[in-house]
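The values are calculated or read from the model by the stated rules, or taken from the named source; none is laboratory data. No experiment lies behind these values; they were computed from the predicted model shown. All Cβ positions, even for glycine, are placed from backbone atoms using ideal geometry, and neighbour counts span all protein chains on display. Accessible surface areas use protein heavy atoms only, side chains included; no ligands, DNA or RNA. Shrake-Rupley method; radii C 1.70, N 1.55, O 1.52, S 1.80 Å.
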Amino acid sequence: MRKFTLICKDDPTTQTLVENIKNSLINKGWETSDENPEVVISVGGDGTFLRAIHTHQDHLQNCFFVGIHTGTLGFLTNYASDECEELIEDIEKASVNLVELPLLEVCVETEGTCRTVYAVNEMRIENVIRTQLLDVSINGQRLETFRGNGLCVSTQVGSTAYNRSLGGAIIHEGINAMQLTEITGIHHHAYRSLGSPLILSEKSIITLESDNFNQAILCYDYLSLPLNQKTRLTVSYSQRKAKLMIRDKKSYIDRLKSLF
Ligand code: NAP
């Protein structure tokens, strides 16, 4: 039996929609299961979609994701709430229209231990209490010592999220670039860093190091980790990719226009 699961916002409109989708799929012989589902359906916004991917990040090979939005047109959620029938039909098809969504991989090395986390939109090092020093290298070559509140590394998909609020560029879909953006950098005669967003190829490896991360946080999408001691973070595109079922009719420009 084919298995599906749903991740949704908990407002009443979303709940009604979820019940309809669930009943339609069960009537067609599907089973709901959180264990190794073939399809993960996210109902809500882009934030809900991020939660769906993180929940199932350890079996991305065996499932695909589809998003139905109950608010404004999403970047990750591309079926509208009145397109449930089309969504069910498309899920049932033997060959669905899938695109691969690359994830950022962040290796956090502290005192000989290494922990890896993944992000769909971005990773950020943020310190709102103290000036954070960060030594930045690209592909092993030193770029700068940054001083300020922190740095953000975003994916193409994440370019319309936090990165956009930092004044970073929006990157059109199909370009798997990585973008490094400053979070309130200090720039004067003594302290200098690039000061503008830097767009890098998907093969790039960014290294961020500091001897002191006191009161700094590593944020990755909606998740976070405290960073206290001397730490080295390596950021690159991961081999892990989420498969996203898409609907053809909405262009990237249409989705972009719905953002503002
Ligand atoms: P959240 O409430 O889930 O999301 C915050 C807002 O960001 C929501 O309006 C969400 O859209 C939108 N969003 C998320 N991913 C997006 C994308 N790829 N493109 C365009 N908009 C997107 O907040 P959260 O749980 O704290 O964090 C999740 C993500 O939200 C983070 O990865 C970060 O990028 C973003 N965020 C942005 C800011 C900012 O711009 N200042 C602040 C906090 C978080 P929906 O309404 O469709 O869910």
Exercise. Can you tell which of Ser95, Ser81 is under 25 Å from Ile21 (Cα atoms) and touching a helix residue (DSSP H, G or I) at 6+ places or on another chain (Cβ under 8 Å)?
Worked result: Ser81
For this session: Determine whether Leu60 is open to solvent by 50 Å² or more (accessible area, probe 1.4 Å), of a type in the set (A, V, I, L, M, F, W, C) and away from the ligand (no atom under 16 Å from the Cβ).
Result: no
Exercise. Between residues in region 42-53 that are touching a residue at least 60 places away in the same chain (Cβ under 8 Å) and residues that are assigned to a helix (DSSP H, G or I) and more than 8 Å from the ligand (Cβ to nearest atom), which pairs lie under 8 Å by C-beta distance while being six or more apart or on different chains?
Worked result: Ile53/Leu60
Problem set entry | From the options Ile88, Ile26, Ile21, residue that is open to solvent by 40 Å² or more (accessible area, probe 1.4 Å), more than 21 Å from the chain's Cα centre (by Cα) and not acidic (Asp, Glu) | Ile26
For this session: Would you mind stating whether Tyr252 is in the same structural domain as Leu134 (by TED's automatic domain parsing), within 16 Å of the ligand (Cβ to nearest atom) and open to solvent by less than 70 Å² (accessible area, probe 1.4 Å)?
Result: no
For this session: State whether the residues of region 107-125 include one that is under 23 Å from Ala242 (Cβ atoms), open to solvent by 10 Å² or more (accessible area, probe 1.4 Å), within 11 Å of the ligand (Cβ to nearest atom) and in a strand (DSSP E or B).
Result: yes
Exercise. Looking at Thr207, Thr234, which one is among the β-branched types (Val, Ile, Thr), in contact with a Cys (Cβ under 6 Å, 6 or more places away or on another chain) and surrounded by 13 or more Cβ atoms within 10 Å (Cβ to Cβ)?
Worked result: Thr234
Problem set entry | Residues that are touching a Pro at 6+ places or on another chain (Cβ under 9 Å), more than 16 Å from the ligand (Cβ to nearest atom) and either open to solvent by 60 Å² or more (accessible area, probe 1.4 Å) or without any contact (Cβ under 8 Å) to a residue 24 or more places away in the chain (or both), drawn from region 210-231 | Gln215
For this session: Please work out which residue is nearest to the ligand (Cβ to nearest atom), limiting yourself to region 31-57 and to residues that are open to solvent by 50 Å² or more (accessible area, probe 1.4 Å) and hydroxyl-bearing (Ser, Thr, Tyr).
Result: Thr55
For this session: Report, by residue number, each residue of region 126-155 that is within 16 Å of the ligand (Cβ to nearest atom) and open to solvent by 20 Å² or more (accessible area, probe 1.4 Å).
Result: Glu126, Val128, Asn149
Problem set entry | Leading residue by the ranking (farthest from the chain's Cα centre (by Cα)) among those in region 91-133 that are closer than 18 Å to Phe213 by Cα and of a type in the set (Asp, Glu) | Glu111
Seminar exercise, completed: Of the residues in region 60-86, those that are part of a loop (DSSP other than H, G, I, E, B) and either free of Cβ contacts under 8 Å to residues at least 60 places away in the same chain or in contact with a Phe, Trp or Tyr (Cβ under 6 Å, 6 or more places away or on another chain) (or both) come to Gly71, Leu76, Thr77, Asp82
